[in-house]
Ligand code: FEO
Ligand code: CA
Ligand code: CA
Ligand code: CA
């Protein structure tokens, strides 16, 4: 997050947001210390190098890999691996094309102005593709594989990369000038989401349909409704909205999901940075906001819009931090913030239909020492009646996970009146439990995790994969978070009882501890079949494809000085090859990899390249701060008149065919 002061905002990465009440600069130093400790070159030159491999790969993983070899059971993935590294461009496996489909500023409607980085306006931005694409979902139209709606989140804005003439360099650090209202309003229009029709042309290449009847931009100003148990509650009422049901905009939409009934769900994640001002003394929300780090004043929006200033609208932050559902088949529909699914720093909302027809959503709360959740709808999904499913998300049970040392786990219901969730503890109703989900989960003694990101269920196996990205602040290991100073993250597999996604008990296993397996102190546990290009760090988003294979995208490799950018890795989870990882696609310098979205027919993989050129100090090709006038990469246009542009990329196999098959 960025620190603010009277005259300037210093930029750092929003994704590296600290926990509530902590100092962002201290964290950055911790990252550097860890990077230095785990410097690959340093270790390999040392005496430890020869012993490294046997010391770090778990005996089980080695046995599994050897067994795979003996039985001839290889990886489920077949593609030539990309070489890991860092440069200004993106790279995909040989035999595949990675085509730019949508760039920040691209026109989405017949009347959209063409992108002009020197003359941006809020009105133009609201008709163009937004900034920092994160989640990508594909909703086929008329059951066709070659025509559908692409649903894309625009998580946040990097002003130093977006706007000309606002950066000065002081002590080798980027200082961004104060925002005026026009800049703030462009930022607000660049947030939110895009729904846009795309089609394959005669050459099998995806094209944007600019006059698609369902095309839509959702921004931080779009009118929305609060629905479910907390809607209308006094704690959700504001000066501007005395009903507690009508809210404008959605912010920091990280990952998300496409529901079985074909709606688009957007997860509101790091909401704290958008609020400024001071709560009135002794305000009843003080403890609630402190648990979320509100206000953090990263953005200047509150200077021009009262709802982002807690001194003027003290209840407004309670209207953010929800899961937002959008009916993509009606471009005029009012998006709904579904309060039944809890309020926290929602990373994503991937879902699966359980045996009895109820729908289960897996939800991560991305903060150090926060929790893993799931939501089970009260009613069953009706595959024959779309309309009957449209309010399924207003009723159900929210659970939080406790991971026990013996490899079992329990899903604890966040239901008012059960256990400590009573009036004595400040929960007068289910609305209070949902508004303060984190505090309720604290009281249930859920397991504090190493930053839960995307959680991806595998419908065929009754299992779900939890991306735990890192937690450099962990000082005490536990079974489910087994490394202190966990700089590189790990992936947990949840095995629901009897493969039933609605189960309240299950087992869990660690699929892989991430990082460089050749460095003993890292403690990584990839299989020995994993090559030097194949290991990764900081898992963030994930996808399970229609063959049940897991793909993992990362956020933070470059921050941890791993000598590689982020990318998309294929990770075996089944049979003897379990724990084997291969690099399929990598992003340009400074970017993170988001939104991995394979189409059902597996002929296309959509990926989102977020915040390219945000960084580059550590890369020899740049070696200094990167900002609008001095970018570490001008991907994807490589045109001096164009800034770097976050973009969605469509990956297809040359000559057609299934990916990785
Ligand atoms: Fe927006 Fe948790 O990554
Ligand atoms: Ca991310
Ligand atoms: Ca996902
Ligand atoms: Ca992340």
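Each value in this text was obtained by applying a stated rule to the coordinates, not by laboratory testing. Remember, predicted model here, so these are calculated numbers, not experimental data. Counting neighbours? That spans all protein chains shown, and the Cβs are built from the backbone with ideal geometry, glycine included.
Averaging Cα coordinates gives a centre for region 634-651 and one for region 458-477; these two points are 32 Å apart.
Applying 0.36 nm per residue to the separation of residue 119 and residue 304 and subtracting their alpha-carbon distance, the gain on full extension is 64.5 nm. How many percent of DSSP beta bridges within the chain run antiparallel, rounded to 5? Taking every DSSP beta bridge with both residues in the chain, the antiparallel ones total about 95 percent. Using the rule -39500 (n - 2.57) for each DSSP H run of four or more residues, divided by the residues of the chain, the 222 nm mean residue ellipticity is -3000 deg cm²/dmol. Region 117-186 and region 295-361 have Cα centres spaced 19 Å apart. Ranked by the mean number of other Cβ atoms within 10 Å of their residues, highest first, the peptides 232-240, 201-209, 260-268 fall in the order 260-268, 232-240, 201-209. Cα gyration tensor of region 542-661, axes a ≥ b ≥ c as square roots of the eigenvalues: rounded (a/c below 1.5), prolate (a/b > b/c) or oblate? Because a/c hits 1.5 or more and a/b fails to exceed b/c, region 542-661 counts as oblate.
Cβ neighbours within 10 Å, averaged per peptide: list 537-543, 487-493, 507-513 in order, most packed at the top. Walk me through the numbers before you get to the answer.
Numbers: 537-543: 27.1, 487-493: 25.3, 507-513: 21.0.
For the peptides 537-543, 487-493, 507-513, the packing ranking is 537-543, 487-493, 507-513.
Each peptide in 382-395, 457-470 gets a packing score, the mean of other Cβ atoms within 10 Å over its residues, and the list from highest to lowest is 457-470, 382-395.
Using 0.36 nm times the number of residues separating residue 369 and residue 180, minus their current alpha carbon distance, what extension gain do you get? Spell out each step's value before the answer.
Working: separation 189, 0.36 × 189 = 68.04 nm, distance 3.63 nm.
Stretched fully, the residue 369-residue 180 segment lengthens by 64.4 nm.
Computed on the chain, with alpha-carbon pairs under 8 angstrom and 6+ residues apart, the relative contact order is 17 percent.
The Cα atoms of the chain give a gyration tensor whose axes a ≥ b ≥ c have a/c under 1.5, which makes the shape rounded.
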